[in-house]
1. To the nearest 500 deg cm²/dmol, what mean residue ellipticity at 222 nm is calculated for the chain from DSSP H runs of n ≥ 4 alone, each contributing -39,500 (n - 2.57), summed and divided by the residues?
2. Could you list which residues have their amide H under 5 Å from that of Arg113, counting only those 5 or more apart in sequence or on another chain, with H placed in the peptide plane?
3. Roughly how many nanometres apart are two label points built 7 Å out from the Cα toward the Cβ at Glu197 and Lys110?
4. Going by how many other Cβ atoms sit within 10 Å of their own, how do Thr106, Thr130, Thr21 line up, fewest first?
5. Neighbour counts of other C-beta atoms within 10 Å: give me Asp66, Asp102, Asp90 arranged from fewest to most.
6. Checking the cross-link filter: which lysines have an alpha carbon closer than 26 Å to that of Lys110, excluding same-chain neighbours under 8 positions apart?
7. In whole Hz and in residue order, list the ³J(HN,Hα) couplings for region 177-185 that follow from phi through the Karplus curve 6.51 cos²θ - 1.76 cosθ + 1.60, θ = phi - 60°; x for Gly and Pro.
8. In Å³ and rounded to a whole number, note down the convex hull volume per residue for the Cα atoms of the chain.
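Nothing in this text is a laboratory measurement; each read-out follows from the coordinates by a stated rule. Here the structure is a predicted model, which means the values were calculated and not measured. Glycine also receives a Cβ, built like all others from the backbone with ideal geometry; neighbour counts cover every protein chain displayed.
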Amino acid sequence: MPGLTAYCGLQYIGQPREGETVVVSGAAGAVGTVVGQIAKLRGCRVVGIAGSDEKTAYLQNDLGFDAAINYKTIENMSQALAAACPAGVDIYFDNVGGEISDAVYTLLNKFARIAICGQIALYNATTRPTGPRVEPILLTKSALMKGFIVGDYAAHFGEAAKELANWLKAGKLQYEEHVVEGFDKLPQAFFGLFRGENTGKLLVKVAAYSK
């Protein structure tokens, strides 16, 4: 499912073109890692935002992202993004929302596309957050913002699975799994997801398989 989500959101909302700049928030997660790799295969410049130096190193050194930003240690996200995206942002694949997205919006190019896949920064908010109003930016930049659920693109799953499988077999696509051992660790794993402890897909191994 993460691969299909990444493919469909980027392909049908982002519509990447060679030479464009793609920013991915939550870039070290199961969806974000695949989005970035597909964008590179499409000839784009890719900038990932993640929550540790280990994750940003993984994005750049292992997955080929052009730049990666640790949002937990950077002092000024807007300045860091501007340095990483000297030609502005053409596509934003948003898994996070919140202040990170606010910073990305200021760099949108004309006719930019924004795929809203997740808003994990806001899921546990106890009050309605306030922030910059994005509508004036979307208006003046003639930008597209669209939220989606992977099932919206079920008609394209066959095509997506075939291309993803071909990339995987050719060694052009990598994936990572973060496995937590034991059914009793389910709560720990769940809260770890919101703390950003995982790289790639977070899984809980209930028990060893036996025939």
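1. Computed ellipticity for the chain at 222 nm equals -9000 deg cm²/dmol.
2. Ile91, Tyr92, Leu144
3. So the two model labels end up 4.8 nm from each other.
4. Thr130, Thr106, Thr21
5. Values: Asp66 18, Asp102 15, Asp90 25.
The most exposed by this proxy come first: Asp102, Asp66, Asp90.
6. Counting by Cα, and skipping residues close in sequence, Lys110 has these lysines nearby: Lys40, Lys141, Lys146.
7. Ordered by residue, 3J(HN,Hα) equals 10, 9, 9, 9, 8, x, 4, 5, 8 Hz.
8. Cα-based convex hull of the chain, divided per residue, equals 142 Å³.
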